[in-house]
Each structure stands twice: as structure tokens, then as C-alpha cells.
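The structure appears right after this line, and notes come after that.
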Amino acid sequence: MAADARQDTHRPSLVGRDRLLAALGYEPTDESLLAQAFSHRSWCAEHPEYQSNERLEFLGDSVLGFVVADHVYRAEAGLDEGALTDVRKAVVNSVCLAEVASELGLGDHLRLGKGEEASGGREKPSILADAMEAVLGAVYLDGGLDEVHRLVVRLLGDRIDAVVAAGGGDQDHKSRLQERLATVTTQTATYSFDATGPDHARQFTVTVTVGDHRLGVGTGRSKKQAEQQAARAALELLGDDGAGYPGAHDAVGGTPDG
């Protein structure tokens, strides 16, 4: 109760309010809840009169898991328990949440302590994923289950559909790419990367090639994210049967490239 009373007299404000609300597509009744979702513990250590986003993060994690499970259960009647679990695991994880947070630009709205700011905290996947969960917790408290359900489906619906289309498996595009390539060539994929920007705001661009063929390019805040994006682009180029691979018909006929 003491913590709640303290929060009543020290309400943070939203950083970049209009841009944030436009990105989320949500108008809160109590903006202080959403503002708390962006208050990292490092900032609260310097401003002890405010609460961090950790409690909202805890709540949002559970809310997200339930909403995704409920949505997939109702929308995908043909999936068994194992496939339903795989779909949930593929989107309810820190990598996926960090990607969504990055796409929304949530890092720009964080309140960070001086040390975390200097070390590039706005770009750290773990902090972004935690903030995304905290946002969902705040929306649940502010608007209820229907509002957070709508937001989750809007933010994750395409990813859920992609996982279901892939058979309920995970989002390891690199492994799927290698399996797809094995049907058309004996060569393996090679990933090369380029990094730009300062250490605290590094942006990676990864190109995936097979032999002399460039199959896909991806970008991300980490090499792993960029590699997955590049592999996903390559999978889209190849198609379900690998027919998009240069020389695929020759390779399938028994004459692999090389």
C-alpha cells in the first residue's frame, strides 16, 4: 500500500507521448501506468520516488502467455496440444518481443539511468523485451483483457500466422533455410555481416549467400536478429519447394551447383 500511495503523488509522464500512442494504437485512461512501463530500474535508482516497470513486466509476461494461448486455441481448431505449445513458444519469448519493441521504437521512450544510457540500454534486446511485457501489463490494468487482446493480436498476429503456416514450428529461419537448401544444392549457406553506428547503437546488416548467389539480406540490433531476418528473406525467395533457387531445376534433376 505504501508503494501505491507513493506512486499516487509521483506520477511519471510519457516520453514522446503522441508518437508512442500512435505506434501502439492505444489511448490510455491512466497514462501514468503506461509511463511506468518505460521506467527502468536504473532510472528509478536515481529517482527513488518512482516505481520501476518490473512489476508490470511480471504481469505482462503472464497476460501475454494467456492471450496468445487463448487466441491460438480459438483461431486454430486443427492444431493439437503440441503444435499449440510450439506456436506460443515461438512468439512468447524475449527475442520476438525485442523485435516487436524495436519495430515500435519503444527504446526511444525509455527512462534510463545515466550508466545504462551510456552503455546503449535503449538498444539492448533484454531491456526492450522487458519494456514490451511491461506495456502489455499496463494496457491490461488500464483497459482490461479485451484491449490487451486486441493489441497483442495486432502486434503479433502476423508472426503467429507465419508460425502456424510453417506447421507450428519455431522461428529458427536459419535451420529451416538449410533444410530447404538441401533439396536443391549440396552447398551450405554463408552469412556475412556489416556493422554501422556507435557501440551503444549498433545496427547489423547480414547477407546470406550460397556459392555466388545472394539469397537474402536482413538487418537488426544484433547479429542473431539480422541473420534470422536474412534467412527469412531467403526462404521467401526460395519458396516452399525451393524453386526460387538459381538453377534449382538442374539441381533437383541431379546436377547440383558447384
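The values are calculated or read from the model by the stated rules, or taken from the named source; none is laboratory data. The structure displayed is predicted, hence computed values, not measured ones. For neighbour counting, all protein chains shown are included, and Cβ atoms are generated from backbone atoms with ideal geometry for every residue, glycine included.
For region 193-209, state whether one or more residues are assigned to a loop (DSSP other than H, G, I, E, B), over 29 Å from G82 (Cα atoms) and not charged (D, E, K, R). Let's see the steps before the verdict.
Keep residues of region 193-209 that are assigned to a loop (DSSP other than H, G, I, E, B), which gives 197-198, 202.
Now drop any that are not over 29 Å from G82 (Cα atoms), which leaves 197-198, 202.
Keeping just the survivors that are not charged (D, E, K, R) gives 197-198.
The answer is yes, given that some residue of region 193-209 is assigned to a loop (DSSP other than H, G, I, E, B), over 29 Å from G82 (Cα atoms) and not charged (D, E, K, R).
Just to be sure before I move on: is A231 in contact with a Lys or Arg (Cβ under 9 Å, 6 or more places away or on another chain), part of a helix (DSSP H, G or I) and at pLDDT 75 or above in the structure I sent? Talk me through it step by step, then tell me what you get.
Working: in contact with a Lys or Arg (Cβ under 9 Å, 6 or more places away or on another chain): yes; part of a helix (DSSP H, G or I): yes; at pLDDT 75 or above: yes.
It is true that A231 is in contact with a Lys or Arg (Cβ under 9 Å, 6 or more places away or on another chain), part of a helix (DSSP H, G or I) and at pLDDT 75 or above.
Among the candidates E49, E99, E123, which residue alone is in contact (Cβ under 8 Å) with a residue 24 or more places away in the chain, outside the structural domain of D199 (by TED's automatic domain parsing) and more than 27 Å from S222 (Cβ to Cβ)? Full working, then the answer.
Numbers: E99 fails: more than 27 Å from S222 (Cβ to Cβ); E123 fails: more than 27 Å from S222 (Cβ to Cβ).
Just one listed residue meets the conditions, E49.
Tally up the residues in region 127-169 that are touching a residue at least 60 places away in the same chain (Cβ under 8 Å) and not in a helix (DSSP H, G or I), please.
Counting residues in region 127-169 that are touching a residue at least 60 places away in the same chain (Cβ under 8 Å) and not in a helix (DSSP H, G or I) gives 3.
Look at G254 and say whether it is at pLDDT below 80 and either crowded, with 16+ Cβ neighbours inside 10 Å or under 22 Å from R88 (Cα atoms) (or both). Step through it out loud before you land on a result.
On the way: at pLDDT below 80: yes; either crowded, with 16+ Cβ neighbours inside 10 Å or under 22 Å from R88 (Cα atoms) (or both): no.
It is false that G254 is at pLDDT below 80 and either crowded, with 16+ Cβ neighbours inside 10 Å or under 22 Å from R88 (Cα atoms) (or both).
Determine which single condition A195 fails, assuming it passes every other condition in (1) out of contact with any Lys or Arg (no Cβ under 6 Å at 6 or more places or on another chain); (2) on the phi < 0 side of the Ramachandran plot.
(1)
Are any residues in region 196-212 at pLDDT below 90 and under 20 Å from the mean Cα position of the chain (by Cα), and if so, which ones?
Once the filter is applied, which keeps residues that are at pLDDT below 90 and under 20 Å from the mean Cα position of the chain (by Cα), region 196-212 yields H200, A201, R202, Q203, F204.
Hey, does region 210-224 have a residue that's surrounded by fewer than 21 Cβ atoms within 10 Å (Cβ to Cβ) and assigned to a helix (DSSP H, G or I)?
Looking for residues that are surrounded by fewer than 21 Cβ atoms within 10 Å (Cβ to Cβ) and assigned to a helix (DSSP H, G or I), one finds at least one in region 210-224, hence yes.
Residues checked against (1) among the basic types (K, R); (2) part of a loop (DSSP other than H, G, I, E, B); (3) within 17 Å of A131 (Cβ to Cβ):
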| site | (1), (2), (3) |
| --- | --- |
| Y26 | no, yes, yes |
| L34 | no, no, yes |
| A45 | no, no, yes |
| P48 | no, yes, no |
| V63 | no, no, yes |
| A77 | no, yes, no |
| A83 | no, no, no |
| K89 | yes, no, no |
